[in-house]
Amino acid sequence: VAFSVDALVSFFPFNNSCPTKLREPLRGDDNLHVSERAGTTVIVCCPIDGTAPRQRRVAQDEGRAQLKHSECSVGNASLQSLLRTTSGVVFAGLFVATLLVAVVFGSVVDSFTHTRDLDHTAMVVGDASKSALTLASDLYEADEAVTPVDLSASVARADREIRGSLADAARVKVPAVREAVEGSLAAWTAAEAQIEAAVRGGTPDTRQLNDLARNVLGRVQGAFVPVWQATSDEAVLRVASARRAKTRLQVGLVALLLGSAAILGRFHRRVRQGVVAPLTGLRAASERIGRGDFVAPVPMTGAAELLDVISAFNVMADGLTDRARLEAELRHAQKLESVGQLAAGIAHEINTPIQFVGDNVRFLEDAFSDLTRLVDAYGQADGSPEPEAARARARELAAEVDTTFLVAEVPQAITHTLEGVDRVATIVRAMKAFGHPSGEHKAPADLNEAVRNTLVVANNELKCVADVVTDLGDLPLVQCHVGDVNQVLLNLVVNAAQAVTEGVGGAGGRGTITVRTRHEGDEVVIEVVDNGVGIPPEIAERVFEPFFTTKEIGAGTGQGLALAHALVTDRHDGSIRFDSRPGSGTTFTVRLPVGAAFESSTPMERVA
Amino acid sequence: VNRILFVDDEPSILAGLRRMLRSRQGVWDMRFVEGAAAGLQLMDREPVEVVVSDFRMPGLDGGQFLAEVRRRHPDAARLILSGHTAEHDLMRVVTIAHQFLTKPSEPGELVAAIERALRLRHELGGERVRAEVSGIEALPSPPSTFCDLVEALESPDSDARSVAGVLERDVALAAKVLQLVNSSFFAPGSRVASLEAAVVRLGIQTIRSLVLIDEVVQAFRVPDGVSSDWLTLLNAHALDTARLARRLAAPEERDDAFCAGLLHECGQLVFAVCRPGVFAAHLQFWERDGRPLVDIERETFGVTHAQAGAYLLSLWGFPVQIVEAAAHHAEATPLEASGRLGASGAVRLAHLLVESERIRLCEAPGDAWACDGSLQPAGEFDAVRAWRAERAPLGVAS
């Protein structure tokens, strides 16, 4: 496993000299030894600068996490640097190869053109002719002293020289030189025979001998001239052409080198534009999508294979966009659903007091008209000529309208009416507070009030299945979107009511839902406790997942708890978790940071 | 004295009702009870004629409570009085409660509903027959209704007219729809007598939910001894009567006349459901003896299908005109030959015409319709002529 330097540098407390030397990726085998023993990860690092090995012990979990992190970044020399390295290596290789080719090719050219042989031959022939000339001129100089014996010896020496030199020259595989050698040999052989004959045949006097010696001199010269000439002519020619060939070759190679450098550069650029740039674009787009920004598709540029990848990516992003839109719509639908459900419940909550307020007022109306009639009857009795009879009629009427009943019931009817009106007012007030729109900015809010309002609003969902107990501690004002908190509380208590219905409600019994609040450090804690069915451990991980629901299709969107989770964690940096025992109930705990309101609220209150 | 039982989980509601109904104290013996369990206990102790229950209560809710009441005391009329508005729950009680009232109820509405439930109670012989009628969840529908209705509802160009077209071919379902639409629960406010308006008021969605309740569109087996196309003939007779009654009635009574005509024979359906054996025997006597069906029923059973139908319609909260049309459709009293026929008169006349000219369902053969002479020349005669000219509804042998 290779570890990236950055991960290791951050992991090991290297001294300051070490990291800069470790800019190359480390290879695990050579430089790192990782072992796990009894819950501890021991990592030994042998820095490549030869300094003493260092070791670090960490807890196993942390070690694994670190190693995992390192593994993630293994490797992972970027394509760009890979490209740069590759281009450098290829270019250097080309350069060396070019040099080698130049050297090898030069020698090959030389061996093919025999320039070296020709040079040598020319030199040998030159030397030979020089020595032959020296010999002949010796003869010539020794004008008086020439004896046949001397002459013969000189000729023999000249012959050795000449034949040796010509044999050397004959090795040159150049036709012109070879022809010249053959001609020269023939000429020399003829000359030699002539001289031999002359020496053997007569009695040579000094003059004749001198002539012969001169003749030999001439022949020797004659024997070498054509060869020398042919050799040197050919050598000049060949050397010149070899030199030209070498120059061309070098120019060609340099051109080739430059050309391949250009091609490499172009390739480099093409790869950068066609692969690296689109990949960078894809990475940026992935990050954008990761942030939930689905706006722009990745531009369709790059290599053909990458175009396929990009178009597939764009299709995927489109799909994700649709999904994100769908999720948003569903969240909205869930809100609407809960609003609709609430509206029905609240309608019922309000209809009940309105029913009995109406009944009571109608009764009061009747009672008042009865009493008016009674008062009239008594009034008439006072002014009547027959007061006794009129009073008797009035008493009869009193019995008929049942004044005892009225006296008992009217005050109660009024009390009930006022109670009913109060109830409607409470519900309407709670609704108004509950529906308080969540603005862009958080504002300080009393969460106990939010709990009370939510319980009033949700009362219709709760009262038939559970007794609601509240245990509200002293809370500071919390900086929050109170509408969101209301929604979270509503979803939790409705969820609790459903859990209770599934648990004990089915048997006609009632459960208990407890809502607690308290202040802990810089957090406000809200707990919603039910004694319902509980959450089976196998679905515990999915509870906050959008669309996850245990209810029948059509009975819930599976968004309630997911929405609560999103509102608490994303909008408020709070946390929401639950603790459940199947069969005996669930506790949801919401923690919200108090935020700036706590500090700012105290002086404000002091001013007030 | 009729005993009325009010059940609610809110003491304030009960106290309010007690005070508001003070003036009825001499007429009814009213009991106000908190909670369903206490209500059942009271009913076990003493007979109760009408139960008015809240829907949403802890423990047993209104639906469960009334279902239990139907099981233990089927004779009692069952009314729901609730502020609850979730349709999902309402559908649970459409076959259990007789009438549906919403909170807050209009003044007098509750009294009127209770009176409707009580009106024909004592005309209907013994308690057993009453119990059987008030225990009915729904009347039998022809087997084709379900498919036809689903087709009409699913069709892309489905509208109130096409759905109403299916409903008017089925007396049972038409009765249920009209019962619901005339309860303040489902359609607060005005009274609705036309099926098309009923479909519009209830909404396609509610009709669909209604159809999907098993008890509402029942699979019905025609009783042994009854001709297999009896139900088809009855529905055709009803529709034909309804159409003719609409022509005959005074303009302001036309919708009521149609509705009353459609429902006037529902008593036969009641007997077919409650007493299939007795009903089959009655039909056989009727065919053999050539006497009106009501006469046979009165002699052998004591209760006529006209009375049973009227009682059911009254129990279900139908208005007086429609109940009377059902009650009097087979009476031997001479026709009133006035110029302006009410719904009841129009249904009686239409019934006799359909009996004598198209489908005989309960009258004696031959003498059902004497002559056209008693028709008013200007009004009814033209209407009858126009009716005779038009094609008979499906299934009517002319």
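The values are calculated or read from the model by the stated rules, or taken from the named source; none is laboratory data. Keep in mind the model is a prediction, meaning the values are calculated, not measured. Here the Cβ positions follow ideal geometry from the backbone for every residue, glycine too, while neighbour counts run over all protein chains shown.
Quick notes on this structure:
- Some residue of region B:228-244 being of a type in the set (S, T, Y) and without any contact (Cβ under 8 Å) to a residue 12 or more places away in the chain: yes
- Some residue of region B:179-199 being among the charged types (D, E, K, R) and more than 12 Å from B:L263 (Cα to Cα): yes
- When the residues of region A:383-405 are filtered to those that are in contact with a Lys or Arg (Cβ under 9 Å, 6 or more places away or on another chain) and outside any loop (DSSP other than H, G, I, E, B), the one that is nearest to B:L14 (Cα to Cα) is A:F405.
- Residue count, region A:255-294 (criterion: out of contact with any helix residue (DSSP H, G or I) (no Cβ under 8 Å at 6 or more places or on another chain) and either in contact (Cβ under 8 Å) with a residue 60 or more places away in the chain or not in a helix (DSSP H, G or I) (or both)): 2
- Close Cβ contacts (under 7 Å, 6 or more residues apart or on different chains) running from residues in region A:392-421 that are acidic (D, E) to residues that are outside any helix (DSSP H, G or I) are absent.
- Check on B:E127, away from every other protein chain (no Cβ under 14 Å), charged (D, E, K, R), more than 21 Å from B:T206 (Cα to Cα) and in contact with an Asp or Glu (Cβ under 6 Å, 6 or more places away or on another chain): yes
- A:Q355 within 14 Å of chain B (Cβ to nearest Cβ), touching a Pro at 6+ places or on another chain (Cβ under 8 Å) and assigned to a helix (DSSP H, G or I): yes
- Tallying residues that are loosely packed, with under 15 Cβ neighbours inside 10 Å and within 60 Å of the chain's Cα centre (by Cα) within region A:234-249 yields 4.
- Odd one out for B:A36 among (1) over 27 Å from the mean Cα position of the chain (by Cα); (2) within 18 Å of B:R71 (Cα to Cα); (3) more than 14 Å from chain A (Cβ to nearest Cβ): (3)
- A single member of B:D61, B:D29, B:D44 is of a type outside the set (V, I, T) and within 23 Å of A:R423 (Cβ to Cβ), and it is B:D61.
- Taken over region B:27-57, the residue count meeting the criterion of being in a loop (DSSP other than H, G, I, E, B), over 15 Å from B:P74 (Cα atoms) and out of contact with any Cys (no Cβ under 8 Å at 6 or more places or on another chain) is 4.
- Looking only at residues in region B:22-33 that are within 12 Å of chain A (Cβ to nearest Cβ) and out of contact with any strand residue (DSSP E or B) (no Cβ under 6 Å at 6 or more places or on another chain), the one that is surrounded by the fewest Cβ atoms within 10 Å (Cβ to Cβ) is B:G26.
- Test for B:R291: is it on the phi < 0 side of the Ramachandran plot and either touching an Asp or Glu at 6+ places or on another chain (Cβ under 7 Å) or without any contact (Cβ under 8 Å) to a residue 12 or more places away in the chain (or both): no
- The residue of region A:416-442 that is nearest to A:F363 (Cα to Cα), among those that are loosely packed, with under 13 Cβ neighbours inside 10 Å and within 14 Å of chain B (Cβ to nearest Cβ), is A:L418.
- Filter result (touching a residue at least 24 places away in the same chain (Cβ under 8 Å) and either facing chain A (nearest Cβ under 7 Å) or part of a strand (DSSP E or B) (or both)) within region B:1-16: B:N2, B:R3, B:I4, B:L5, B:F6, B:V7, B:D8, B:E10, B:I13
- All of A:V298, A:V276, A:V271, A:V309 fail the test of being touching a Gly at 6+ places or on another chain (Cβ under 8 Å), more than 14 Å from chain B (Cβ to nearest Cβ), under 30 Å from A:S87 (Cα atoms) and not charged (D, E, K, R), apart from A:V298.
- Considering the conditions (1) more than 14 Å from chain A (Cβ to nearest Cβ); (2) under 21 Å from A:G345 (Cα atoms), B:L139 is excluded by exactly one of them, (2).
- Cβ-Cβ distances below 8 Å connect the following pairs, each with a first residue in region B:353-373 that is part of a helix (DSSP H, G or I), a second residue that is modelled with pLDDT under 65 and among the aromatic types (F, W, Y), and a separation of six or more residues or different chains: B:L353/B:W369; B:E355/B:W369; B:S356/B:W369; B:E357/B:W369.
- Qualifying positions in region B:39-62 - hydrophobic (A, V, I, L, M, F, W, C) and within 14 Å of chain A (Cβ to nearest Cβ): B:L40, B:V52, B:F55, B:M57, B:L60
- Scope region B:229-258; condition aromatic (F, W, Y), out of contact with any strand residue (DSSP E or B) (no Cβ under 9 Å at 6 or more places or on another chain) and surrounded by 18 or more Cβ atoms within 10 Å (Cβ to Cβ); matching residues: none
Residue-wise test of (1) part of a loop (DSSP other than H, G, I, E, B); (2) more than 14 Å from every other protein chain (Cβ to nearest Cβ); (3) under 19 Å from the mean Cα position of the chain (by Cα).
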{"residue": "B:L81", "(1), (2), (3)": "no, no, no"}
{"residue": "B:H84", "(1), (2), (3)": "yes, no, no"}
{"residue": "B:H88", "(1), (2), (3)": "no, no, no"}
{"residue": "B:A113", "(1), (2), (3)": "no, yes, yes"}
{"residue": "B:R116", "(1), (2), (3)": "no, yes, yes"}
{"residue": "B:A152", "(1), (2), (3)": "no, yes, no"}
{"residue": "B:A164", "(1), (2), (3)": "no, yes, yes"}
{"residue": "B:R169", "(1), (2), (3)": "yes, yes, yes"}
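- Pair list, Cβ < 6 Å and 6+ apart or interchain, from region B:117-140 residues that are within 12 Å of B:A308 (Cα to Cα) to residues that are β-branched (V, I, T) and part of a loop (DSSP other than H, G, I, E, B): B:G125/B:V303; B:V129/B:V303
- Some residue of region A:404-415 being surrounded by fewer than 17 Cβ atoms within 10 Å (Cβ to Cβ) and among the acidic types (D, E): no
- Among the residues of region B:90-111, the ones that are more than 9 Å from chain A (Cβ to nearest Cβ) and buried (at least 16 other Cβ atoms within 10 Å of the Cβ) come to 14 in all.
- Residue match in region B:56-68 (condition: surrounded by fewer than 21 Cβ atoms within 10 Å (Cβ to Cβ), farther than 30 Å from A:V500 by Cα and of a type in the set (D, E, K, R)): no
- Within this structure, A:A367 fails the test of being touching a Gly at 6+ places or on another chain (Cβ under 9 Å), small (G, A, S) and within 13 Å of chain B (Cβ to nearest Cβ).
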